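Participant: Here it is: the structure, laid out below.
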Amino acid sequence: MAIKFERVGYEYQDIDGKGYLALADITLNINKTGEFITLIGETGSGKSTLAQHMNALLTPTEGRVHIFGVKISREGKKDKNLKLNPIRQKVGLVFQFPEYQLFEETVGNDIAFGPKNFGVSEKEAEERAKKMINIVGLDESYLSRSPFNLSGGEKKRVSIAGILAMEPDILVLDEPTSGLDPLGRNALLKVFYEIHQKLDKTVVIITHDMNTVYEYAKRVLVMREGNLVYDGAPTQLFSRKNVKNWNLDVPDILKVRRAIEEKLGITIEGETRNKADLMAKIGEALR
Amino acid sequence: MSVIEIENVSFTYHGDKRALDNVSLSIEKGEWVSILGHNGSGKSTLSKLIVGLLKPQSGTIRVDGITLSASTVRDIRKRVGIVFQNPDNQFVGVTVRDDIAFGLENLQIERPEMIERIEHYAKKVDMYPYLNKEPHALSGGQKQRVAIAGILAMKTDVIIFDEATAMLDPEGRERVMEFMRTLNREGTTIIPITHEMKEAVMSDRIVVLKDGKVLKADKSENILKDKETLERSNLELLLPLEIMHYMNENGIDNPSLKEFLWQLSLNG
């Protein structure tokens, strides 16, 4: 087990010292390889707080998180021998607004900064920058440009390339496609899926987009008011009961499929996790 | 009467390619016009130009007949409010209450009126229990609702929503859409800037930008079905309309299903 949450709680303090429980009693395991997880939940449900425990950016106020064998807990916080750097390299976390972490003069330097920081040679870091800029769907001409003149979507890709360049085992992305146009969003999701498939890495994506969840996820975590209320497959998630109780938005594919089935008085057989599948099935039914 | 008139506006960021290239566009009072386009198409640049955060290198912008310039920018901002995509960039207060108050202080609203508006709009966006909270205790979506409350409290004639729902959860997004509907019914001119087709279905007109130019501007129902135009600007058809397109391409004739799909697309 690469990441293991044991009864984790986390309390924020607000302005008048009042506590605010963002996570309550979370127990959860994430494997080093082979997982494609989406983490969903309403605004303020604790998703980002949970993600920030995955690479020890936050220390639980209750319970423990084990990350690649390193125990992170309140009691252990003062331990001077506790090395967090290897954890940060193994679990790459891409923040909600990664574009604000760009600071170097060129895109190339920005991408190379992370790996160099973890002891990779200059030459190797540059090689990785070249490789990763392509992986996120930009070309090498970007490497010499200033990151500050890029559009929001381009900045996002550059910052993701920077995390990928550290070659983490596990990639945790906090709403990585928000703000991207549909073409950019689909392209980037394919990138994450390829990283997962070809490099056999575990990918965790925080998202509000149920279409992403339905089309890509193998496993879904649902947060609600600081609690983990669902940990399972996406296909079972969107039952009428769950949708109602947890205020979930139904993926377009499922919504439109159900509406068409009702309108035509038919039942479409089998799963349709993407547009092409659904259209093909509707075509069959109507011919 | 046009509330916003943009004439031959061009803008280039320092040392970069042209962000807007000779754009002309006018928006009527009370109209709901969505501006769509790919990342980097110039749509956010356009919104910053309208509120005077950027200055065009050529062309003119008029709001309510007032030509935008350094001396009129304050008048313009009393008429046009803007909600940005990133809530962290627009959270200027120490607490939620301060943040909503900020715009009102600039308008020199009397204190009792100010307090009333702050509480009213905090309730409207469901942030009333958080009035004394600091931004770090809020999630991105919550901060965004505070930003929206701040703009609503200023009661401007025009509100630009610059990808304002991008960070919200589905329920939060639906609530913002509901604000747009209510405000538009009450006469506010609504200009969502987005690449989410679902946000554009309610609009009267849609303007599609591509590489800094107006690719097409037309009634919503025409643009929503226009796969070619949308895809040229990295956008996609709404799923029911994609299915309708598939039916047309494959010679599947079922008028009642097509009508059903059209209605379905309008309901988001």
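Participant: Here is a check on your reading of the model: is A:Ile40 more than 14 Å from every other protein chain (Cβ to nearest Cβ) and in contact (Cβ under 8 Å) with a residue 24 or more places away in the chain?
Facilitator: In short, no.
Participant: Name the residue, out of B:Gly268, B:Gly172, that is over 29 Å from B:Gly103 (Cβ atoms), at pLDDT below 95 and small (Gly, Ala, Ser).
Facilitator: B:Gly268
Participant: Hey, any hits in the range B:40-56 for a residue that's more than 14 Å from chain A (Cβ to nearest Cβ), closer than 23 Å to B:Val158 by Cβ, modelled with pLDDT of 95 or more and part of a helix (DSSP H, G or I)?
Facilitator: Looking through the range B:40-56, at least one residue is more than 14 Å from chain A (Cβ to nearest Cβ), closer than 23 Å to B:Val158 by Cβ, modelled with pLDDT of 95 or more and part of a helix (DSSP H, G or I).
Participant: On to the next question. Restricting the first residue to the range B:134-150 and requiring it to be within 8 Å of chain A (Cβ to nearest Cβ) and touching a residue at least 12 places away in the same chain (Cβ under 8 Å), which pairs with a second residue that is of a type in the set (Phe, Trp, Tyr) and surrounded by fewer than 24 Cβ atoms within 10 Å (Cβ to Cβ) meet a Cβ separation below 7 Å and a spacing of at least six or different chains?
Facilitator: From residues that are within 8 Å of chain A (Cβ to nearest Cβ) and touching a residue at least 12 places away in the same chain (Cβ under 8 Å), the pairs are B:Leu138/B:Tyr130; B:Gln142/B:Tyr130.
Participant: For the range A:151-177, which positions are farther than 26 Å from A:Asn31 by Cβ, in contact (Cβ under 8 Å) with a residue 40 or more places away in the chain and open to solvent by 10 Å² or more (accessible area, probe 1.4 Å)?
Facilitator: The answer is A:Gly152, A:Lys155.
Participant: Another question, if that's okay. For the range A:22-77, which residues satisfy the criterion of being among the small types (Gly, Ala, Ser), open to solvent by less than 10 Å² (accessible area, probe 1.4 Å) and more than 24 Å from A:Asp209 (Cα to Cα)?
Facilitator: Hits for the range A:22-77 are A:Ala56, A:Ser73.
Participant: Starting from the range A:190-208, take each residue that is on the phi > 0 side of the Ramachandran plot and list its partners that are not hydrophobic (A, V, I, L, M, F, W, C), counting only C-beta distances under 6 angstrom and pairs at least six apart or across chains.
Facilitator: Close Cβ pairs (under 6 Å, with a partner that is not hydrophobic (A, V, I, L, M, F, W, C)) amount to A:Asp200/A:Thr33.
Residue-wise test of (1) part of a helix (DSSP H, G or I); (2) more than 19 Å from B:Ser44 (Cβ to Cβ); (3) out of contact with any Cys (no Cβ under 7 Å at 6 or more places or on another chain).
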{"site": "B:Arg74", "(1), (2), (3)": "yes, yes, yes"}
{"site": "B:Val92", "(1), (2), (3)": "no, yes, yes"}
{"site": "B:Gly103", "(1), (2), (3)": "yes, yes, yes"}
{"site": "B:Gln108", "(1), (2), (3)": "no, yes, yes"}
{"site": "B:Pro112", "(1), (2), (3)": "yes, yes, yes"}
{"site": "B:Ile115", "(1), (2), (3)": "yes, yes, yes"}
{"site": "B:Phe161", "(1), (2), (3)": "no, no, yes"}
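Participant: Okay, next question. Give, as residue ranges, the helices (runs of 4 or more DSSP H) completely inside the range B:170-267 that count at least 3 residues that are open to solvent by 50 Å² or more (accessible area, probe 1.4 Å) and out of contact with any helix residue (DSSP H, G or I) (no Cβ under 6 Å at 6 or more places or on another chain).
Facilitator: Because the criterion is at least 3 residues that are open to solvent by 50 Å² or more (accessible area, probe 1.4 Å) and out of contact with any helix residue (DSSP H, G or I) (no Cβ under 6 Å at 6 or more places or on another chain), the helices (runs of 4 or more DSSP H) in the range B:170-267 that meet it are B:170-185, B:227-232, B:255-266.
Participant: Inside the range B:247-262, can you point out the residues that are over 15 Å from A:Leu264 (Cβ atoms) and facing chain A (nearest Cβ under 7 Å)?
Facilitator: Listed by number, the list holds a single entry, B:Asn250.
Participant: Continuing with this model, one more query. If you go through the range A:247-256 one residue at a time, do you hit one that is buried (at least 21 other Cβ atoms within 10 Å of the Cβ) and not in a helix (DSSP H, G or I)?
Facilitator: Yes.
Participant: Regarding the range B:61-69, can at least one residue be identified that is closer than 30 Å to B:Met127 by Cα, open to solvent by less than 40 Å² (accessible area, probe 1.4 Å) and in contact (Cβ under 8 Å) with a residue 60 or more places away in the chain? It would help to see each step written out before you state the result.
Facilitator: Going through the range B:61-69, the residues closer than 30 Å to B:Met127 by Cα turn out to be none.
Checked the range B:61-69: no residue is closer than 30 Å to B:Met127 by Cα, open to solvent by less than 40 Å² (accessible area, probe 1.4 Å) and in contact (Cβ under 8 Å) with a residue 60 or more places away in the chain.
The values are calculated or read from the model by the stated rules, or taken from the named source; none is laboratory data. In this text the structure is predicted, and so the values were computed from the model without any measurement. Using ideal geometry, Cβ is built from the backbone for each residue, glycine included, and neighbour counts are taken over all protein chains shown. Please note that ligands, DNA and RNA were not included when accessible areas were found on the heavy atoms of the full protein model with its side chains. Shrake-Rupley method; radii C 1.70, N 1.55, O 1.52, S 1.80 Å.
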